[in-house]
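Novice: Take this structure first; my questions come after.
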Amino acid sequence: MLAALEIHVADAMAARLAGLEGEGGAPLFAAVLSALDAAALTAWPKTPAALVLPVSDEAEESTTRRVENAPVQHVVRIGVSLMLAAPNDRTGARGRERLSPLLARARRGLAGWTPPGQREVLSFRRGRLVSLEDARLQWLDEYEIRRVARAGVVEVGDATSKEAAL
């Protein structure tokens, strides 16, 4: 069975983030997880870390009254949560200093990039602070990719699947 498009794009984004290098050629992130990784659900990972999770897949118009195989534009949104440990940082200054270059590098690596098997590029949509507590900082960036698919069929790469209908 083929993966749904949002899972396919999230996996490609996670692989791209895992390949990003920081200063000195070391990996930018100590851990890159997907929302379906058991480790992401049970424990705070070694930091800095990125958690890539599908957010939504929305058709821009109803597909219930559409003729099968008619073109329908839809938007897939994927979240990238950056996590940092900031021990002994009561003001959050060190966390902010560490977050800024991570955000910049991740955004340069993802915004404008075309995931494998896709024709369109990822667009940065928005970012926001999720949490700053217990010496941990978590930021969430949201990306989207717009595409035209056929009503009743979700395409992943060159293959199609009617099992994963819009």
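The values are calculated or read from the model by the stated rules, or taken from the named source; none is laboratory data. Keep in mind that this is a model prediction, so the values were computed, not measured. Heads up, the Cβs are rebuilt from the backbone with ideal geometry, glycines too, and the neighbour counts pull from every protein chain shown.
Novice: Being charged (D, E, K, R), modelled with pLDDT under 95 and part of a strand (DSSP E or B) is the filter here; which residues of the stretch 129-143 pass it?
Specialist: Within the stretch 129-143, GLU133, ARG136 meet the criteria.
Novice: Would you mind stating whether LEU84 is touching a strand residue (DSSP E or B) at 6+ places or on another chain (Cβ under 6 Å) and either farther than 13 Å from ARG136 by Cβ or at pLDDT 85 or above (or both)?
Specialist: In short, yes.
Novice: For the condition β-branched (Val, Ile, Thr), modelled with pLDDT under 85, assigned to a strand (DSSP E or B) and over 13 Å from the mean Cα position of the chain (by Cα), what is the one hit in VAL67, VAL72?
Specialist: Selected residue: VAL72, the only one of VAL67, VAL72 that is β-branched (Val, Ile, Thr), modelled with pLDDT under 85, assigned to a strand (DSSP E or B) and over 13 Å from the mean Cα position of the chain (by Cα).
Novice: Now a separate question. Restricting to the stretch 75-87, name every residue that is hydrophobic (A, V, I, L, M, F, W, C) and either part of a strand (DSSP E or B) or touching a His at 6+ places or on another chain (Cβ under 9 Å) (or both).
Specialist: VAL75, VAL76, ILE78, VAL80, LEU82, MET83, LEU84, ALA85
Novice: List every residue pair whose Cβ atoms sit under 6 Å apart, with the two residues 6 or more apart in sequence or on different chains, where the first one lies in the stretch 111-124 and is closer than 12 Å to TYR143 by Cα and the second, anywhere, is assigned to a loop (DSSP other than H, G, I, E, B) and hydroxyl-bearing (Ser, Thr, Tyr).
Specialist: The qualifying pairs are VAL121/THR114.
Novice: In the stretch 13-26, is there at least one residue being surrounded by fewer than 20 Cβ atoms within 10 Å (Cβ to Cβ), at pLDDT below 85 and outside any loop (DSSP other than H, G, I, E, B)?
Specialist: Yes; the residues of the stretch 13-26 include at least one that is surrounded by fewer than 20 Cβ atoms within 10 Å (Cβ to Cβ), at pLDDT below 85 and outside any loop (DSSP other than H, G, I, E, B).
Novice: A further question on this structure: Would you please name the residue that is surrounded by the most Cβ atoms within 10 Å (Cβ to Cβ), looking only at residues in the stretch 88-117 that are at pLDDT below 90 and in a loop (DSSP other than H, G, I, E, B)?
Specialist: Filtering first and then ranking leaves ASP89.
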